[in-house]
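Enquirer: This is the structure I have questions about; it appears just below.
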Amino acid sequence: MSEYTEKLKELLLLATKVGASDVHLKTYVAPVLRINGNLTKIDEFGVLKPEMLNPMIGSILNDEQRKSFK
């Protein structure tokens, strides 16, 4: 498992633990969780650079989804 896949796993576990309904991932900002309708930035994960975010997302997509993501 890559370092970035492990980070995504940590983020999803945190989202589950705090009862988040959504996880927002966007380049050049920290991840954001929707908790009880409120958006909460998760600064401890740092800013998501494209070289981090692309492998994270790619690890959970199937081949067809990966093609359309690019």
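Enquirer: For the chain, build the charge dipole from Cβ charges (+1 Lys, Arg; -1 Asp, Glu) around the Cα centre, then report which of Q65, A30, Y4 sits farthest towards its positive end.
Expert: Q65
Enquirer: Let me ask something additional. Given charges of +1 on the Cβ of Lys and Arg and -1 on the Cβ of Asp and Glu, with all other atoms neutral, how large is the dipole of the chain about its Cα centre, in debye to the nearest 20? Each step should come with its number before you reach the end.
Expert: On the way: 10 positive and 9 negative charges, 39 e Å.
The calculated dipole for the chain is roughly 180 debye.
Enquirer: Stretch V23-I35 to full length: gain in nm at 0.36 nm per residue minus the Cα-Cα span?
Expert: Gain in length upon complete extension: 3.4 nm.
Enquirer: Once you put a point 7 Å from the Cα of D43 and another 7 Å from the Cα of L61, both along the Cβ direction, what distance in nm separates them?
Expert: About 3.1 nm, to one decimal.
Enquirer: Moving to a separate point now. Quick one: pull the percent of accessible area on the range 20-59 belonging to carbon and sulfur, 1.4 Å probe, ligands and nucleic acids left out.
Expert: The nonpolar share, carbon plus sulfur, comes to 51 percent.
Enquirer: Could you report the chain's accessible area per residue, 1.4 Å probe, as an integer in Å²?
Expert: Details: 5000 Å² over 70 residues.
Value for the chain: 71 Å² per residue.
Enquirer: With n ≥ 4 as the cut-off for DSSP H runs, can you work out [θ] at 222 nm for the chain, using -39500 (n - 2.57) per run divided by the number of residues, rounded to the nearest 500?
Expert: -13500 deg cm²/dmol
Enquirer: Listed here are the pairs K7/K49; K9/K49; K17/K41; K7/K67; which of them are more than 20 Å apart at the Cα?
Expert: Table pairs above 20 Å Cα-Cα are K7/K67.
The values are calculated or read from the model by the stated rules, or taken from the named source; none is laboratory data. Note that the structure is a prediction, hence the values are computed from the model and not measured. Methodologically, a virtual Cβ is constructed for each residue, glycine included, from the backbone with ideal geometry; neighbour enumeration extends over all protein chains shown. Ligands, DNA and RNA are stripped out before the accessible areas are found, and what is left, the full protein with its side chains, is counted by its heavy atoms. Shrake-Rupley method; radii C 1.70, N 1.55, O 1.52, S 1.80 Å.
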